[in-house]
Amino acid sequence: MLITWIHQTSCATFLAFAVIVPCVSRVVAAADSPSVVAGRSLVEWSAELQSSSPVARRRAVLSVGACGKSAVPVLTKALAHEDEVVRYWAASELGDLGEDAKSAVEPLRKLLGEKPIGVRIAAGYALCRIGQVEQGLPALLEGLQHDERGVWNSSADFLARIGPPAKGAIPTLEEAGKRGADHIADICNEALRRIRGVDQPVPSKTTNATQGDAAGGKANKKVSAESVFSKAFFDEDMSRFAKPAAKNKQPNVLWISAEDISPSLGCYGDSYAITPRLDQLGNEGVRFNRCFTHAGVCAISRSGLITGMYPVAIGSQHMRSQIVLPSHVKAFPEYLRGAGYWTTNRSKTDYNFPPPKAAWDENSANSRDWRGRAAGQPFFSVINLTTTHESQIRGKFGDTLHDPAKAQLPPYIPDTPVTRRDWARYADLLTTLDQQVAAILDQLSVDGLANDTIVFFWGDHGQGLSRGKRWLYDSGTRTPLIIRWPGKLEAGSVCEDLVCFLDFAPTMLRLAGVELPSHLHGRVLPPMKNGIAADGSRPSAVGREFLFGHRDRMDETYDLIRSARDTRFKYIRNYAPRRTYAQNITYMNQMPTMREMRRLNAEGSLAGAPAFFFRESKPVEELFDTEADPHEVVSLADRPEHAETLQRMRAALERWQEDVSDSGLIPEPLLVTPLKVP
């Protein structure tokens, strides 16, 4: 599928305590000029710039930039590339190289005359970084006043990376931070803080404790369907999805979702957990040991779950954005309603696009759940529990039920009373969640539906603690998934297949007897296949080899990371290696553990795995053996004995990027600009 034009808006999120981290776009030292980047030399990556594949050439220009100052001639030449995305990245990478890129001044000046505002602000950034502030700054000031949030987000981010030389932008930044969006002040304040050289943020007016269901601000322009996706998708007869494809009885389905939790439950082997009812549910159903989301944060995770498509294929990959869905992509409950289901949601949506009205019969905190349906009508009810959200860990509370001294801290968290208290609080919230789940299941039994309802319990991504939520490590993407289907699924069984959130939509449609749309990226969950195929057959489970993940803009902080995982190894590709792991995200910085880590780092007393988070750059590639190293703290990417595995995982990731036409390789300011069809 080809993406050529997606209208994005975006905003940053919640301002909190932060300690300034070193400017992540510092001048690259001579040592930062590797001869090989992700398996290819500078010459090989340069050749890729002429590829007919948009994904390949955009991946190539970022990889060229990772080659350091030796790449300046190639990047300078790329400023005249016919692909404006390549021109943007070439300018941005030259800017990151700072004084080493002085030879590119004239070609960068020419880019200031380009029509796309995105290319102009990238050129302006580069000029400012190489000492041409008077020429470069006007483009960034223009970007701050642009109507599209993707443009002014990026302009503010560039100004933050420029630092004190951009002091002429202070009045415009102050004004931009008042534009009315809940979270945009954060990115403007980050820029102001770096430009002024102060270490205390401006207090945020944001009050939303759980980051909200949707970003506010200007709605996106309507997208021309023909200009975005290949025509084949729109030749498909959508009416066939509005009726059941099988005559089997349609089962009732109840989803219970939890926020920000890893499989930190007793039934998953966590001896610290007190979760008796969830443990019982695990013994009554199937426990999935390898369930992963594609992104370690709520809106991006839920965007893929509700559509059955990777967000990078539809443009919803940036946290706190509001896209317009392509017309052929639907929230899967719309199909269920068309097939006769009563559908309810209580009450979180947070999909990075407005919840379609056609998806839910009831969608509110006051939803009647299954009790609002007509007699005999099958139901699909979702109950979202926010008890375990990150914001609740750092809330005010007294003594903890769980003993902090017994907390099982992972090696990437420093062992202090503060971090142990956060971990104990997280465990306490899981116990409260367990009690809430018990109440829901009891109500289902009281209503006489326990034996006639499939129950799903899942978490929307990993734990809301430092180096968990927002990241592509298992701590951020591995989630619990338990499914109970009395009489159909073997009680107490375990599924070891790789499964992901993109599998939820096709599974639900298969259960309802609805024919699966061809554009879905997931597959029916293996244990659910038997006995429910539309043609009456009993297909065997076919395991997949890889799952994929992505990290893009997280609130006000830009990043570009991709991952591939098989049953044992995790491969991570950092396309923005000069951006430290420890970039400021003001909402994340409110967590006591994060504050503690920043304090210890500032004192110089942080060591080992926790200190790795504060390195001034990231490796281009990471590779972890998740069996030997479940916390993913020892990268094997540079070890010769793992070269074959590294190559296999790298190739799988690159194939996937091509398959989904990874729109994350298009910078956000250009996602609001029509792109030429390659």
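The values are calculated or read from the model by the stated rules, or taken from the named source; none is laboratory data. As the structure is a computational prediction, the values presented were derived from the model and not from experiment. Ideal geometry is used to build each Cβ from the backbone, glycine not excepted, and the neighbour counts take in all protein chains shown.
Values as computed for the structure displayed
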quantity	calculated
Qualifying residue in region 245-267 (condition: at pLDDT below 95, over 24 Å from the mean Cα position of the chain (by Cα) and either of a type in the set (A, V, I, L, M) or not in a loop (DSSP other than H, G, I, E, B) (or both))	yes
Selection within region 64-103 - in contact (Cβ under 8 Å) with a residue 40 or more places away in the chain and farther than 18 Å from G118 by Cβ	A66, G68, K69, L97, G98, E99, D100
Test: residue in region 230-237 that is loosely packed, with under 15 Cβ neighbours inside 10 Å, in contact with a Pro (Cβ under 8 Å, 6 or more places away or on another chain) and modelled with pLDDT under 85	yes
Region 392-411, residues that are assigned to a helix (DSSP H, G or I) and surrounded by fewer than 19 Cβ atoms within 10 Å (Cβ to Cβ)	P404, A405, K406
Residue check for Q443: surrounded by fewer than 18 Cβ atoms within 10 Å (Cβ to Cβ) and assigned to a helix (DSSP H, G or I)	yes
Residue within region 612-620 that is over 30 Å from R57 (Cα atoms) and in a helix (DSSP H, G or I) present	yes
Any helices (runs of 4 or more DSSP H) falling wholly within region 77-130 and containing at least 1 residues that are within 25 Å of V43 (Cβ to Cβ), under 28 Å from the mean Cα position of the chain (by Cα) and polar (S, T, N, Q)	84-97
Qualifying residue in region 608-618 (condition: surrounded by fewer than 19 Cβ atoms within 10 Å (Cβ to Cβ), outside the structural domain of P414 (by TED's automatic domain parsing), free of Cβ contacts under 8 Å to residues at least 24 places away in the same chain and in contact with a Leu (Cβ under 8 Å, 6 or more places away or on another chain))	no
First in region 328-350 and farther than 20 Å from L385 by Cα, second anywhere and in a loop (DSSP other than H, G, I, E, B) and among the hydroxyl-bearing types (S, T, Y), Cβ under 8 Å, 6 or more apart	A331/Y351
Matching entry among D460, D452, D503, D474 (being touching a helix residue (DSSP H, G or I) at 6+ places or on another chain (Cβ under 6 Å), among the charged types (D, E, K, R) and not assigned by TED's automatic domain parsing to the domain that holds D659)	D460
Single residue of region 260-300 satisfying the filter (among the charged types (D, E, K, R) and out of contact with any Cys (no Cβ under 7 Å at 6 or more places or on another chain)) that is farthest from V499 (Cα to Cα)	R277
Residue that is within 25 Å of F613 (Cβ to Cβ) and in the same structural domain as N345 (by TED's automatic domain parsing), where the choices are I383, I393	I393
Matching residues in region 455-512 - criterion: being small (G, A, S), surrounded by fewer than 23 Cβ atoms within 10 Å (Cβ to Cβ) and either part of a loop (DSSP other than H, G, I, E, B) or without any contact (Cβ under 8 Å) to a residue 40 or more places away in the chain (or both)	G487, A491, G492
Pairs where the first residue, in region 423-452, is over 16 Å from L278 (Cβ atoms) and the second is surrounded by fewer than 18 Cβ atoms within 10 Å (Cβ to Cβ) and of a type in the set (D, E), C-beta under 8 Å, 6+ apart	A424/D403
Enumeration of residues in region 412-423 that are surrounded by fewer than 22 Cβ atoms within 10 Å (Cβ to Cβ) and among the aliphatic types (A, V, I, L, M)	V418
One residue from R478, R394, R484 being in contact with an Asp or Glu (Cβ under 6 Å, 6 or more places away or on another chain) and either closer than 30 Å to H294 by Cβ or aromatic (F, W, Y) (or both)	R484
Residue that is nearest to I413 (Cα to Cα) [pool: residues in region 628-657 that are part of a helix (DSSP H, G or I) and among the basic types (K, R)]	R650
Residue in region 593-604 that is in a loop (DSSP other than H, G, I, E, B) and outside the structural domain of G315 (by TED's automatic domain parsing) present	yes
